[in-house]
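For reference, the structure discussed in these notes is given below.
Each value in this text was obtained by applying a stated rule to the coordinates, not by laboratory testing. In this text, all values refer to a predicted model and were calculated from it rather than measured experimentally. In this analysis, Cβ positions are derived from the backbone assuming ideal geometry, glycine residues included, and neighbour counts consider all displayed protein chains.
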Amino acid sequence: MTLRVAHVTTFYPPYNFGGDGIGIQRLVRALARRGVHNTVILDTDAYSQLSGESPEPPPPESNVELVRLESSFPRLSLLATQQLGRPVAHAPRLKELLGDNKFDVVHFHNVSLIGGPAVWSYGDALKLDFAHEHWLVCPSHVLWRHGRELCTGRECFRCQLNHRRPPQLWRHTSLLERHGRSIDAFVAMSEFSRAKHREFGFPFEMEVLPYFLPDAAPSTPRPRPQQRPYFLFVGRLERIKGLDDVIPLFREFTDADLLIAGRGEHEHALRELAGSNERVRFLGRVSNDELRALYEHCAALIVPSICYETFGIILIEAFQNGAPVLARRLGPFPEILEASGAGELFSTTDELRALLPTFIDARQLRERLVAAGRSAFASRWSESAVLPRYCELVGRVARRRGRHEIAEAFSALVPEGTSPR
């Protein structure tokens, strides 16, 4: 049988901001390469209204259909969904798309602005919801209270006002619990994220399935971006990413540069913080080839986030491309580094300052960490490692629902002799 999978999401490339949309795209493409037909349903109003941009549609891909929802009154449509937790403008279209046995499986990825919890009830397919952010338990998605501190307890009404978002009415009802019963499996991206959902009262059990990257292809060494040693930051330039703590260290630490790849709303403040320091370089957005070279030759990737991430795609990108990692001892980062042995953790700027010199010209240390990272990537976070776990999860859900033909079809996607790791 030809499997049919729908992906309902607020963001998807090129209509996306961060790593969650790219992670969804990687799953879509991995399934498409195995003959699964994917229909991606997204609300492009969310990206255009938040970014002020309207990208051109992406080129067609085999086994991938893109369905873009747009409203004549985008701001009103998005506000209604955000407030009521249901797709107001697009409800008829979504019911049509997801109904009548059109799909074997529906993945809900980030439904905050395309349908809220109510969209979970649409259609009769097997249903999985992937928690790319902490939206299920946090109106601001990131458990970053009042825009200034880690959330250790609910102060949601004031917090939403401090985030300049209208308080969500539906969170004061049983909407999530009622429609959540339609989901066959909720999926967290890390053990940490699953525990954090449980801590904040999420009423359903969760599976854990990490992000993955395509299996590493053999490649020749890439040219070194610069001769001076450098540390690397990769990501959106937002306050919660923690660069405010890192940039000042490079005023006194003169043995290496800090290269910053990415853009974001906090960029102007970070440039002001760097001032005239020529050792701090802002690269903007870089191509995939440029990024791979930056990883390959850096002393280490610095991941200083001060908020609770759900995973850490840039860590496994670093492992795949031969970079050690220095990450804050927070969120899922300890989980990832303890599993890989491919870097060091720090809690304070003093600890990070002390670690920087040990990664300069320490060839044996770097070789050991790089080898550990590549090995862990291949066994834990490569497509070959994670996709069998995904197929096993969908198979369990299908058998529980008595859909044995779907379970067998997903089992057939995994090469014989491959088992979930």
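Here is how the numbers come out for the structure above:
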item: Positive-pole candidate from VAL64, GLN168, THR220, dipole of the chain, charges at beta carbon; result: GLN168
item: Two-decimal ratio, the chain, of alpha-carbon radius of gyration to 2.2 N^0.38 Å; result: 0.99
item: Pair ASP244, ALA195: separation of 7 Å Cα→Cβ label points (nm); result: 2.7 nm
item: Under 21 Å from the Cα of LYS102 - lysines, other chains or at least 8 residues apart; result: LYS127
item: Choice from ALA342, ALA354, ALA195 showing the highest fluctuation, given a GNM over the chain with Cα pairs closer than 10 Å; result: ALA354
item: Square roots of five times the Cα gyration tensor eigenvalues for segment 1-88, Å; result: 25, 14, 11
item: Per-residue HN-Hα couplings for segment 166-176 [Karplus 6.51, -1.76, 1.60; θ = phi - 60°; Hz; x = Gly/Pro]; result: x, x, 8, 5, 5, 5, 9, 10, 9, 4, 5
item: Mean ellipticity per residue at 222 nm, deg cm²/dmol - from DSSP H runs of n ≥ 4 across the chain, formula -39500 (n - 2.57); result: -10500 deg cm²/dmol
item: Total formal charge among the other residues, if their Cβ is under 11 angstrom from that of GLY262, Lys/Arg +1 and Asp/Glu -1; result: +2
item: Only Lys, Arg (+1) and Asp, Glu (-1) charged, at Cβ; the chain dipole about Cα centre in debye; result: 500 debye
item: Local electrostatic count, LYS127, Cβ distance below 14 Å [Lys/Arg +1, Asp/Glu -1]; result: +2
item: Amide proton proximity set for VAL280, modelled H, under 5 Å, gap of 5+; result: LEU258
item: Hits among lysines - C-alpha to C-alpha of LYS196 under 21 Å, sequence gap 8 or more where chains match; result: LYS241
item: Cα gyration tensor shape for segment 176-261, rounded if a/c is under 1.5, else prolate or oblate; result: oblate
item: Interchain or long-range residues, amide H under 5 Å from VAL303's placed H; result: LEU326, ALA327, ARG328
item: Segment 230-381 - percent relative contact order, Cα under 8 Å, separation 6 or more; result: 22 percent
item: Histogram of C-alpha separations across segment 230-381, 10 Å bin width, %; result: 12, 45, 38, 6, 0
item: Segment 218-287: C-alpha gyration tensor shape, a/c 1.5 cut-off, then a/b vs b/c; result: oblate
item: 5 angstrom amide H check on PHE186, placed H, neighbours 5+ away; result: ASP129, GLU207
item: Two-decimal Rg/Rh across segment 348-404, once Rg and the Kirkwood Rh are taken from alpha-carbon atoms; result: 1.36
item: Karplus 3J(HN,Hα) series, Hz, for segment 204-211 with 6.51 cos²θ - 1.76 cosθ + 1.60 (x for Gly, Pro); result: 10, 5, 10, 8, 10, 9, x, 5
item: Counted charge near LEU175, where neighbours are those whose Cβ lies closer than 13 Å (Asp, Glu -1; Lys, Arg +1); result: +3
